[in-house]
Amino acid sequence: MESHFWIINVAGQDIHLNTLIMVWVGMATILLLAFLSTRNLQVIPSKGQVVAEGIFDICRGITMATAGKRGDGFLFFIGSLFLFILTANLMGQLPLRLIHIPHGELLAATGDINTTSGLALLTLIMYFGVGIKKKGLRYFKHYIQPNPLFLPLNIMEDITRPGSLLIRLYFNILVGEILSGIALSVMPYVLPSLVIFLELFVAVVQAYIFAILSSVYISLLSDDHH
Amino acid sequence: MPLDPQVAASALLGGPLAVGLAAIGPAIGIGLMTAAYFNSVARQPEVQGNITPQYFITLGVVELLGLFGFVSFFMLLGKV
């Protein structure tokens, strides 16, 4: 099966260059917007500041809903995760197919399983990190609770949680791309625009779900009664 | 690899079947969940802020089951 990625080889590793371009453009966009909207903070906010505060409220709402006040400890992570996935998802809806690159197409960065695996791995590292920071080595005690027979199940949980996160995000975006491709071939101009409405909704919901589930996983394991 | 036509035919038949069958359960589940969500919000609009995050968490969990059908579709497509 021919790959639809533009692959270059750096030091023996395959790199998907179209995904890399989208990730970097996305990160640059976030940095630029964040810089522009928070450069000149005032008590009576400007338009950009209102938007930035609204986005911050959404991110804080995610951690408050799942972890309460403790959530402020990992708000930086959940917020960046939400913003990055949202930007990457929404960039997939731009008409980037008009830009020709040597191989493949510029598609959403989250439509590549490597990006979502990276994000899921970050969540895994984060919840180990937060748990160990909060409880020290006592953190590993939860593997043998309620009794040592549960050890394999508890270890499997650490694999299935990031696995389910990455599969959910990747396949939702992939399905959207396949769907818009089919719509484009069936009835150009009319059907794709309808699909894009659905995709905009899916993009926001998936970013929200990824962030909120990461927040749940992180907060569950740093809980006191666990 | 020489392609066994029987394997290819089964994979082509089974892939879409897997997607369709896997969609049944989550469809019912999400339908029930959304109905309950709208019912409760219509009765008590003030709880919306509390239950919306919970709703989305459950939505993600239920939806994943449907996507597993899609995963198997791609795995079967690799056999063709």
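Just so you know, all these numbers are worked out from the coordinates, no wet-lab data involved. What you see is a predicted model, and the numbers here were worked out from it, not measured in a lab. Don't worry about glycine lacking a Cβ; one is built from the backbone with ideal geometry, like all the others, and counts go over all protein chains shown.
The lysines within cross-link reach of residue A:141, meaning a Cα-to-Cα straight distance under 19 Å and a gap of 8 or more places when in the same chain, are A:133.
Normalising by residue count, the range A:7-221 has a Cα convex hull of 174 Å³ per residue. Against the main long axis of the alpha-carbon atoms of chain B, helix B:5-43 sits at an angle near 0°. One decimal place: the segment residue B:61-residue B:48 gains 2.7 nm when fully extended, by the rule 0.36 nm per residue minus the C-alpha distance.
Calculate how steeply helix A:75-91 sits against the longest principal axis of the alpha-carbon atoms of chain A, using the helix alpha-carbon long axis, and give the answer as 0 to 90 degrees to the nearest 10. Roughly 20 degrees, rounded to the nearest 10.
The orientation-averaged projection of the convex hull spanning the C-alpha atoms of the range A:1-64 amounts to 7.6 square nanometres.
Seen against the Cα atoms of chain B and their longest principal axis, helix B:48-77 is set at about 0 degrees. Using alpha carbons only, the radius of gyration of the range B:27-80 set against its Kirkwood radius gives Rg/Rh = 1.23. When only DSSP loop residues count, what chymotrypsin sites (Phe, Trp or Tyr not before Pro) in the range A:149-213 have their Cβ near at most 15 other Cβ atoms within 10 Å? Those satisfying the criteria are A:189. Using the Cα coordinates of the range A:99-193, the gyration tensor eigenvalues translate into equivalent-ellipsoid semi-axes of 41, 15, 9 Å, sorted from longest to shortest. Its Cα centre serving as origin, chain A has a Cβ charge dipole (Lys and Arg +1, Asp and Glu -1) of approximately 760 debye. Highest average first, the peptides A:34-44, B:48-58 ordered by how many other beta carbon atoms sit within 10 Å of their residues are B:48-58, A:34-44.
GNM on chain A, alpha-carbon springs under 10 angstrom: the most fluctuating residue among A:27, A:64, A:187 is A:187.
Neighbouring Cβ atoms from other chains, within 10 Å of the Cβ of residues in B:53-63, number 5 on average. Taking the fewest neighbouring Cβ atoms within 10 Å as the starting point, the ordered list for A:60, B:43, A:161 is B:43, A:60, A:161. From the alpha carbon centroid of the range B:6-80 to that of the range A:53-123 is 21 Å.
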